[in-house]
Structures are given as structure tokens and as C-alpha cells.
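Working notes for the structure below.
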């Protein structure tokens, strides 16, 4: 029975190492620190499909925000930027999509509490197949100041 003393902790540790959704990998995730009283902020990440079939992300939410949406920034012929809601995001096998300032991003709307640098935000992403992946995004300041989401 002494082997069980090592086996049980090893099994528990391996459970925490398993991804919530096979084939999806999230890196470089973070949320922009917003000024006090701000009603919105933005989140960023690199999300990859390491699987063998397309994965379509259909929903995203957070217990810390009223609403979370996938957005992309579009520039018109005059250089004016506007945000467009993306209702789904499809990742082909081997594809990585980057959500970054000035491009695709997460729009986090209606914070339930003020979040400062060093806090974190949990988002849950749902696929078309109904699978979920939970991602923790640390809150930090942007490297350069500007008003890009």
C-alpha cells in the first residue's frame, strides 16, 4: 500500500494538467487594466487548434462581467476604426488566432467589481459541440498607452 501514497497525489496532479478542451491551447492571455468606473475593458490571447478538425467557438462568458464578446477592429477607407462583434470564431486544424490590441479582441462589458493590475479574470469559452474551456487572464497595464482595444 505504500505505492498508493505516491499514486493518488500523482493522479490528482495529472487531472489538473489536462486541458479542458482537447486540441485547444491558449497562450499569452491577459486583460487590460481599466480606469476606476470604466464599464468595459478588453482581453487578449493567442488561441490555437492543435486538433485534427475545425473548432468553432460560439460563446464566451465570465462570472465577473455582465457580457463578454468576441470583437475585431475594422478600419474604413478614412482610417476610422470601429469594432465589429464576431458571433463565432472558427479555428482550422493547426491554426492560431491572435487576439491583440488593434485587432481581434475580447470585449468585457459590465464588470461586477473593479479589477486592478494583479487581479485575474476567468472566461469560459464554449464550442459549437458544447465543450467548454476555462481560461484565467491576468489583469495588467498595456505596454503602450493609447486607445486601441
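Being farther than 16 Å from residue 43 by Cα and either surrounded by 13 or more Cβ atoms within 10 Å (Cβ to Cβ) or in contact (Cβ under 8 Å) with a residue 60 or more places away in the chain (or both), is that true of even one residue in segment 106-125? No: segment 106-125 contains no residue that is farther than 16 Å from residue 43 by Cα and either surrounded by 13 or more Cβ atoms within 10 Å (Cβ to Cβ) or in contact (Cβ under 8 Å) with a residue 60 or more places away in the chain (or both). Among the residues here, residue 23 qualifies as at pLDDT below 95 and either over 13 Å from residue 115 (Cα atoms) or in contact with a helix residue (DSSP H, G or I) (Cβ under 8 Å, 6 or more places away or on another chain) (or both). Would you confirm whether any residue within segment 59-82 is surrounded by 14 or more Cβ atoms within 10 Å (Cβ to Cβ), modelled with pLDDT under 95, more than 23 Å from residue 131 (Cβ to Cβ) and within 18 Å of the chain's Cα centre (by Cα)? There is at least one residue in segment 59-82 that is surrounded by 14 or more Cβ atoms within 10 Å (Cβ to Cβ), modelled with pLDDT under 95, more than 23 Å from residue 131 (Cβ to Cβ) and within 18 Å of the chain's Cα centre (by Cα).
Taken over segment 43-100, the criterion of being in a strand (DSSP E or B) and without any contact (Cβ under 8 Å) to a residue 24 or more places away in the chain is satisfied by 74, 75, 82, 84, 85, 86.
The values are calculated or read from the model by the stated rules, or taken from the named source; none is laboratory data. Computed from a prediction, not measured in an experiment: that's the story for all the values here. Counting neighbours? That spans all protein chains shown, and the Cβs are built from the backbone with ideal geometry, glycine included.
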